[in-house]
Amino acid sequence: MDYPIFINDAWVPAEKAFVPMKDLGFLRGYGIFDFFRIMDGRPIFLSDHLDRFLSSAAKMGIQHTYTKEVLSQLILDLAATAQDACLGVKMILTGGLSMDGFNPSANANLYIMPSVFSFADPNRGMHLKSFDFQREMADIKSLNYAFAIRNWAEVKAQGGDDVLFYTKAHGVSEASRSNLFFVKNQVIHTPAHFILEGITRKHVLALAEKHYEIRVDDCSLADFLSADEVFTTGSTKRVLPIFSIDQQAIHQGTRGPVTKHLYDLLVSYES
């Protein structure tokens, strides 16, 4: 099904939806977004996603009038009309129209774009290529993915599926669109700083702490390379194993038992 798209105050047919040429999201990448799933007519972790969406908007300084209650009702209305088992919903808020192409408007533009979604195979691991890089405004889910995208050809040429960001000063932070974890001697580690605190990350940590020791702290690239297991979490991935970093195999390039356990726990928790 080709779902309608919400623009500011109404749902419109997808073929009639457009972004104005003077939208600051289009002109300058000035905007934020969030992504979540609707499964069997039920939004997953909706309250968490809306809290992060509104927090990102406030930190970015985007002026708008949308409340959590209004946004929640829009999503619940969409969920009630869903005709597919799983939808991915991207919600975008931009700085609105700008006559001079720089100064934000007092009225933001809101776009909600649903589409049919399917998960990656949880047994199919990812391969990461590391880059010495730290995202600006890492705690904001902004529209700016320029660094990862401009290096994408290099990542793919080396057989990679995503990037791993790290710096010599602060260690590993995250992948381009998901959080990272490593397992060593049954202890789960995840970076504490210069990350977007993922919603899936939050729930995986809450589930994991009932079964494992958890350490949230600085993590070096060497820590990840010498780990027993590495995995990544996100709304589009749930819990996926990392099979290699910079072409160095992790857990012999197979899915580890802790990764599988956490995946199973999350799927059960979501249902």
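The table below gives the values:
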{"item": "Residue within the range 150-167 that is over 19 Å from residue 247 (Cα atoms) and in contact with a helix residue (DSSP H, G or I) (Cβ under 9 Å, 6 or more places away or on another chain) present", "result": "no"}
{"item": "Residue count for the range 33-82, restricted to those that are touching a Phe, Trp or Tyr at 6+ places or on another chain (Cβ under 7 Å) and closer than 22 Å to residue 136 by Cα", "result": "2"}
{"item": "Tally of residues being of a type in the set (Ser, Thr, Tyr), crowded, with 20+ Cβ neighbours inside 10 Å and part of a loop (DSSP other than H, G, I, E, B) across the range 39-69", "result": "0"}
{"item": "So residue 156, is it of a type in the set (Lys, Arg), surrounded by fewer than 18 Cβ atoms within 10 Å (Cβ to Cβ), touching an Asp or Glu at 6+ places or on another chain (Cβ under 8 Å) and free of Cβ contacts under 8 Å to residues at least 60 places away in the same chain", "result": "no"}
{"item": "One residue from 209, 197, 213 being in contact with a strand residue (DSSP E or B) (Cβ under 7 Å, 6 or more places away or on another chain), of a type in the set (Asp, Glu), modelled with pLDDT of 95 or more and not assigned by TED's automatic domain parsing to the domain that holds residue 36", "result": "213"}
{"item": "Among the residues listed as 180, 207, 196, the single one being surrounded by fewer than 20 Cβ atoms within 10 Å (Cβ to Cβ), touching a residue at least 24 places away in the same chain (Cβ under 8 Å) and either under 26 Å from residue 137 (Cβ atoms) or among the aliphatic types (A, V, I, L, M) (or both)", "result": "207"}
{"item": "Answer from 72, 130 - the residue that is of a type in the set (Gly, Ala, Ser) and either buried (at least 20 other Cβ atoms within 10 Å of the Cβ) or not assigned by TED's automatic domain parsing to the domain that holds residue 266 (or both)", "result": "72"}
{"item": "So residue 25, is it surrounded by 18 or more Cβ atoms within 10 Å (Cβ to Cβ), under 26 Å from residue 234 (Cβ atoms) and in contact with a strand residue (DSSP E or B) (Cβ under 7 Å, 6 or more places away or on another chain)", "result": "yes"}
{"item": "Test result for residue 234, more than 21 Å from the chain's Cα centre (by Cα) and either in contact (Cβ under 8 Å) with a residue 24 or more places away in the chain or surrounded by fewer than 16 Cβ atoms within 10 Å (Cβ to Cβ) (or both)", "result": "no"}
{"item": "Among the residues listed as 100, 121, 77, the single one being surrounded by fewer than 16 Cβ atoms within 10 Å (Cβ to Cβ) and either part of a helix (DSSP H, G or I) or in the same structural domain as residue 236 (by TED's automatic domain parsing) (or both)", "result": "77"}
{"item": "Residue that is under 19 Å from residue 31 (Cα atoms) and of a type in the set (A, V, I, L, M, F, W, C), where the choices are 157, 175, 146, 169", "result": "146"}
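The values are calculated or read from the model by the stated rules, or taken from the named source; none is laboratory data. Since this is a predicted model, take the numbers as computed values, not measurements. Note: ideal-geometry Cβ built from the backbone for every residue, glycine included; neighbour counts use all protein chains shown.
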